[in-house]
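Encoded as structure tokens, here's the structure I'll be asking about.
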Amino acid sequence: FLWLSSEGVNNLFAIWTDLRNDKHNKLFGARSTDGGKTWSKNILVYASPDGNICECCKPSVVMKGQHVMVMFRNWLRGNRDLYLTESFDGGHSFGEPAKLGIDSWAINTCPMDGGGLTINDDGAIETVWRRKLNIYACRPGQPETKLGEGKNCTVATVNHQNIYAWTNNGNIICSLPDGSQKIIGKGMLPILKSTGDGDVFCVWENDKQIEGYILHL
């Protein structure tokens, strides 16, 4: 359950869940300033006061300059909600995590669904995540907006617009900036990435193969 991000040059930040010392799930990270050739000492990014963060939900990380943003599914008071923590010094230190969205999800098991995180062209943080059977999107500190039903969601931005994808009933669903949705294939675990030239590439797993689709916007 590891995720990696770069600010586009030599700085990288890796984030993962970790059981070290007390066998409780915590959030750890490490920095690289030479393109991944060497890495800093591992740092504790967050430990839940209730003992564990969610066991099997992957965390996400994005970078913009010295700004490092990490999203993870916490486990507090029986609720497994998505939280965001930020660093403004390249990942040397992180602030207190803030919950995303208004409502909560009380569930006594890990949903194995970590959501998606990106930063748009204007510098705003965009998140997408699952609660119960629904997919929601929001910016930190704002109410969530329901996008549809499903799981395993992802987000990318291009030309100041957000594109979302998720799985529902074995289909890969894409939500486009105009509000329309389309099925682009069969499978699970989609990931969206901007190509940098106005298009978005979606890749996913289907029957032990990797498939992809280019969205022209």
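The values are calculated or read from the model by the stated rules, or taken from the named source; none is laboratory data. Remember, predicted model here, so these are calculated numbers, not experimental data. For neighbour counting, all protein chains shown are included, and Cβ atoms are generated from backbone atoms with ideal geometry for every residue, glycine included. Surface areas here come from the heavy atoms of the whole protein model, side chains and all, with no ligands, DNA or RNA. Shrake-Rupley method; radii C 1.70, N 1.55, O 1.52, S 1.80 Å.
If I filter segment 87-96 for residues that are in a strand (DSSP E or B) and buried (at least 17 other Cβ atoms within 10 Å of the Cβ), do I get at least one hit?
Yes: one or more hits.
Scan segment 47-81 residue by residue and report those that are aliphatic (A, V, I, L, M), within 19 Å of D113 (Cβ to Cβ) and out of contact with any Leu (no Cβ under 8 Å at 6 or more places or on another chain).
If the condition is that a residue be aliphatic (A, V, I, L, M), within 19 Å of D113 (Cβ to Cβ) and out of contact with any Leu (no Cβ under 8 Å at 6 or more places or on another chain), then L76 is the only one that fits.
Given the structure, is L192 in a strand (DSSP E or B), in contact (Cβ under 8 Å) with a residue 12 or more places away in the chain and more than 17 Å from the chain's Cα centre (by Cα)?
For L192, the condition - in a strand (DSSP E or B), in contact (Cβ under 8 Å) with a residue 12 or more places away in the chain and more than 17 Å from the chain's Cα centre (by Cα) - is not met.
Additional query: Just the residues that are closer than 24 Å to N108 by Cβ and either open to solvent by 40 Å² or more (accessible area, probe 1.4 Å) or in a strand (DSSP E or B) (or both), please, taken from segment 25-59.
K26, L27, Y46, A47, P49, D50, E55, C56, K58, listed by residue number.
Looking at segment 146-154, can you tell me whether even one residue there is open to solvent by 30 Å² or more (accessible area, probe 1.4 Å) and either in a loop (DSSP other than H, G, I, E, B) or farther than 22 Å from C57 by Cβ (or both)?
No, the conditions are met nowhere in segment 146-154.
Here's another thing I want to ask about it. Starting from segment 57-71, keep only residues that are on the phi < 0 side of the Ramachandran plot and at pLDDT below 95, then list their pairs with residues that are part of a strand (DSSP E or B) and of a type in the set (V, I, T) whose Cβ atoms are within a distance under 6 Å, requiring at least 6 positions of separation or different chains.
What qualifies is K64/I119.
Quick grid of which residues meet (1) of a type in the set (D, E, K, R); (2) touching a helix residue (DSSP H, G or I) at 6+ places or on another chain (Cβ under 7 Å); (3) open to solvent by 50 Å² or more (accessible area, probe 1.4 Å):
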position	(1), (2), (3)
I172	no, no, no
P177	no, no, yes
I183	no, no, yes
K193	yes, no, yes
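Let me ask something else. What residue, of R139, R80, R131, is basic (K, R), on the phi < 0 side of the Ramachandran plot, modelled with pLDDT of 95 or more and open to solvent by less than 10 Å² (accessible area, probe 1.4 Å)?
Answer to the check: R80.
Find all pairs meeting these conditions: Cβ atoms under 6 angstrom apart; at least six residues apart or on different chains; first residue within segment 140-157 and in contact (Cβ under 8 Å) with a residue 12 or more places away in the chain and of a type in the set (K, R); second residue in a strand (DSSP E or B) and surrounded by 14 or more Cβ atoms within 10 Å (Cβ to Cβ).
Pairs found: K146/N134; K146/Y136; K151/R130; K151/T167.
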